[in-house]
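Reading through the structure tokens given below for one structure.
Where a number appears in this text, it was derived from the coordinates with a stated rule and is not lab data. Since the model is a prediction, treat every value here as computed from it, not as a measurement. Because the Cβ atoms are built from the backbone with ideal geometry, glycine has one as well, and the counts that use them run over all protein chains shown.
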Amino acid sequence: MSEYPKLIIDLNKLRHNIKSLKELCDKQNIALAGVIKGFTGYKEAALIYDEVGVPIIASARLEQLKPLVGLVKAKLMTIRIPMLSEVSDVINITDISLNSEIEVLKALDKEAKKQNKIHDVILMKDLGDLREGFWSDDEIIEASLLVENKLSNLHLLGIGTNLGCYGSVVATKEKLEELVTITEKIEQKIGRKIEYISGGATSSLPRVFNGDMPPRINMLRVGEGIILPKSLHDTWECDTSFMKDDVFTLKTEVIEVKTKPSHPVGEIYVDAFGNKPTYKDIGNRKRALVALGKVDYAFIDSLILKEEGSFIVGASSDHTIIDITDAKRDIEVGDIIEFELSYATLVYITNSNNINKVFID
Ligand SMILES: *Cc1c(COP(=O)(O)O)cnc(C)c1O
């Protein structure tokens, strides 16, 4: 295994971000569920969430939660609706699951009985983003009554929603008030208060920053906003100046430096992925090749080069081409070029076996 490409994970900066966001949420009585799927659940990083004291650690992938069982004080929560085929692992590994199917709820109850556990569930209401969740009020009320009165090894812990994932629907104050309204309807039917109203993910954080979160929303499930606060700033104009942007830094090694034409020479047909790109002729350019490619990060447009005066030209599976004609330093073979990551590239990079992961603290 070579030293590069190397992903530096700064645990101290991560700790700072979790702490400062948790303080902000605490002030508004919001439980912060730390979502670790954005960095493939690296245990070293996941443990920082627990150290800071977030009440819940969450992922869509059970294999990322499993190593934490018995190691953390936080409750473990699966945030993807369980597959029927993983129900026994859901009960075994997690304390809380998000749900939207009666059949799955019944299976969870049965399995919890078998494992002699009470399992917490949050029922999901789809408010229009069109991914997971009960669609009609009647359906979620019926499911709530079932959990409350019939499924004795399940506890109805909360009502939740997800926004801004498929349908790009904004988590406005009005949308989140809809969630409170339906929860209060359910409370009337079951005759008690429900502990949690889980009002979404990073895309709901602007309500916290703006101070206009409906008061009863008391849980958010946050991944990106902690690990890449820049996105909160760039997308939602939140003031994240108190957070650290560079929790993750990608370092790659230069394997070729040559001056070549900017337009391919020969008959143009398709690239390595079968696309027919167009090329602009801007004359001869000095370029550096670095040893990583689309296999590692998938989305070249979401890769952010940290090399003054340079820009990314293109990539294939295992190579990335960088124009260094106007670079501020003299770049040679063996030199290191750094990148900043976005959510899209981070999920791939952290999943890649070709990356040397280095934690600093
Ligand atoms: C991924 C996910 C989250 C976290 O999303 P971020 O945008 O990273 O904060 C929260 N809830 C659910 C259901 C998710 O799938």
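Observations, loosely collected:
- Computed packing ranks the peptides 44-55, 263-274 as 44-55, 263-274, most packed first, by mean other Cβ atoms within 10 Å.
- For the range 312-351, dividing the convex hull volume of the Cα atoms by the residue count gives 108 Å³ per residue.
- A simple packing score, the average count of other Cβ atoms within 10 Å per residue, orders the peptides 87-95, 179-187 as 87-95, 179-187, with the highest score first.
- Computed lengthening from T235 to V358, 0.36 nm per intervening residue step minus Cα-Cα distance: 41.4 nm
- Within the same chain, lysines fewer than 8 places from K260 are excluded, and of the rest, those with a Cα less than 23 Å from its Cα are K276, K280, K286, K294, K306, K328.
- Global form of the range 99-250, assessed from the alpha-carbon gyration tensor, a/c cut-off 1.5: prolate
- Cα gyration tensor, the range 30-178 - rounded (a/c under 1.5), prolate or oblate: oblate
- Averaging Cα coordinates gives a centre for the range 72-138 and one for the range 164-211; these two points are 18 Å apart.
- Range of Cα positions in the range 187-260 per principal axis (Å), largest first: 73, 24, 21
- For the range 1-105: rounded, prolate or oblate by the Cα gyration tensor [a/c cutoff 1.5]: oblate
- Principal axis dimensions, largest first and in whole angstrom, of the range 110-170 by Cα: 40, 22, 15
- Dipole check for the chain: with +1 at the C-beta of Lys and Arg, -1 at the C-beta of Asp and Glu, and the Cα centre as origin, the magnitude is about 640 Debye.
- Looking at the chain, the pairs of alpha carbons with a distance over 33 Å make up 38% of the total.
- In this simple spin-label model, placing a label point 7 Å from the Cα along the Cα-to-Cβ direction at both S88 and D245 gives a separation of 4.9 nm.
- Expressed as a fraction of 2.2 N^0.38 Å, the value expected for a compact globular protein of N residues, the C-alpha radius of gyration of the range 229-342 is 1.19.
- Cross-link table K6/K244; K125/K175; K113/K189; K22/K357; K125/K150, entries beyond 23 Å C-alpha to C-alpha: K113/K189; K22/K357
- Only helices enter this figure: runs of n ≥ 4 DSSP H residues, each worth -39500 (n - 2.57), summed and divided by the residues of the chain, yield -9000 deg cm²/dmol at 222 nm to the nearest 500.
- For the pair the range 228-270 and the range 286-302, the centres of their Cα atoms are 9 angstrom apart.
- Summarising the amide proton neighbourhood of L163: residues at separation of 5 or more, or on other chains, whose placed amide H is nearer than 5 Å comprise A201.
- Convex hull volume of the C-alpha atoms in the range 127-202, normalised per residue: 91 Å³.
- Globularity ratio of the range 1-61, using Cα Rg and 2.2 N^0.38 Å: 1.25
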